[in-house]
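Here's the structure we're looking at; comments come further down.
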Amino acid sequence: MNVLVTYDVNTETQAGRRRLHKVAKTCKNFGQRVQYSVFECRVNAAQYEDLVAKLKRIINPKSDSLRVYKLRGEREEFLETFGLDRHVDFDEPLVL
Amino acid sequence: MTELLNTLYVQTQGSYLRLEHDTLKLDIEGKTAAQIPLHHLGGLVVFGNVLLSPFLLHRCAEDGRSVVWLSQNGRFKARLSAPTSGNVLLRRAQHATLDCPERTLQLARRMVAGKLQNARTVLLRAAREASSPESEGTLRGAAALHAQAILGLPRLRYLDEVRGAEGDAAGAYFAAFNAMIRTQKADFTFTGRSRRPPRDRVNALLSFLYGMLRNECASALEGVGLDPQVGFLHALRPGRPTLALDLMEELRAPLADRFALTLINLGQIKPQDFTSRPGGAVELNETGRKTVITAYQKRKQETLTHPLLKKPVPVGLIPHVQARLLARHLRGDLLEYPPFFYR
């Protein structure tokens, strides 16, 4: 399943900046950063639950916003990109 | 069924792989070249001078991700061995089968039958596409020999006879191999199988692919809890993954040979992708390896219809499916081991 995770974390306080950092770190474990606060992740159902549960534990519901969009199918079908795109397809041959 | 996870191949010399949370970070010359969540990876294959951090190794061992070290030319060096897991009863059954000469013979026969049948299919397929009538004749001749050998298998009473039949057929197969090369004939001439070292480009390519296939077979066997060192067709020898070699036999022609021929015949691989060493050894160079691995990874994602399961299976999962069928046979759930038949 392809999901898009976007977030706004209030960084006015020190604790907020820490939350922002933690959210980014967690997202990195499941996918890749495609914009500053936008991650694309390909996960199975269990990993999805895990990801969402972890993120929900980090954010402060009073000041932060978290949105997770599930793509109903292949990324290519539902996505058009313009400009810079550093996305790497982890299903493609990885030869480095 | 196991999901076909991607394998990361690292061949850039001097690169460093480390664990960062749940991701793998790859540094080349001190710069991060890639960061990949571990859940995308089924295994790592590294060539030559590539360093892995201890913590990454610990994590791979825990999760059962395979790690294989190869020399820069793709010769097998080492594998990560995680704490023995899997089913001890299955391994006991495996050893018990080896202790029973009749069962071993029967299993070896099935494996060789699979190998011969698949080699024959590859020969016949090449014969249909042959570039000249002589090539076609050579290939059909070799295929007929294989057909005869298959029919003769049930009569063989000793393991050595089965091995002999396999060897004879392999001789005929490689004698006809050159006729399967349709393009770039001058640059890719096959005069006979040579290894350690491979003495021409075709041999270098085959050796490289066999090495990769062998690793995949060993990983697949370990994945189902079998001991890759306890084989039936091949003789036991310390340090030799004989069961992986057994499993590989039926897959060589369809998964490695056929693939090598495609690379050559479609011009995906070129003479410049190889380097000759003084002394006559030929090996794939860095660009060549990259071409081959990239194409191989793509090939693994293509699907073939499994003749027994009657459903499409990604090529990369075929060793895993066969390992599972073998485990079922050894455990006594399947009367006979059904080799993979390529169509």
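Can you find a residue that is surrounded by 14 or more Cβ atoms within 10 Å (Cβ to Cβ), free of Cβ contacts under 8 Å to residues at least 24 places away in the same chain and either more than 28 Å from B:Leu243 (Cβ to Cβ) or not assigned by the TED database to the domain that holds B:Phe190 (or both) anywhere in segment B:300-322? Checked segment B:300-322: no residue is surrounded by 14 or more Cβ atoms within 10 Å (Cβ to Cβ), free of Cβ contacts under 8 Å to residues at least 24 places away in the same chain and either more than 28 Å from B:Leu243 (Cβ to Cβ) or not assigned by the TED database to the domain that holds B:Phe190 (or both). For segment B:39-53, does any single residue satisfy the condition of being without any contact (Cβ under 8 Å) to a residue 40 or more places away in the chain and of a type in the set (Phe, Trp, Tyr)? For segment B:39-53, residues without any contact (Cβ under 8 Å) to a residue 40 or more places away in the chain and of a type in the set (Phe, Trp, Tyr): absent. Of all the numbered requirements in (1) touching a strand residue (DSSP E or B) at 6+ places or on another chain (Cβ under 7 Å); (2) closer than 27 Å to B:Leu236 by Cβ; (3) of a type in the set (A, V, I, L, M, F, W, C), B:Leu209 misses one, and that requirement is (1). Every condition in (1) away from chain A (no Cβ under 14 Å); (2) in contact (Cβ under 8 Å) with a residue 12 or more places away in the chain is met by B:Arg92 except one, and the failing one is (2).
Condition check ((1) more than 10 Å from chain B (Cβ to nearest Cβ); (2) part of a loop (DSSP other than H, G, I, E, B)) across all residues:
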| site | (1), (2) |
| --- | --- |
| A:Asn29 | no, no |
| A:Glu40 | yes, no |
| A:Arg57 | yes, no |
| A:Val68 | yes, no |
| A:Glu77 | yes, no |
| A:Phe82 | yes, yes |
| A:Arg86 | yes, yes |
| A:Asp91 | no, yes |
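Of all residues being more than 10 Å from every other protein chain (Cβ to nearest Cβ) and in a strand (DSSP E or B) in segment B:26-45, which is farthest from A:Asn29 (Cα to Cα)? Just the residue, please. Only one residue fits best here, namely B:Lys31.
The values are calculated or read from the model by the stated rules, or taken from the named source; none is laboratory data. Quick caveat, the model's predicted, so the values are computed rather than measured. Counting neighbours? That spans all protein chains shown, and the Cβs are built from the backbone with ideal geometry, glycine included.
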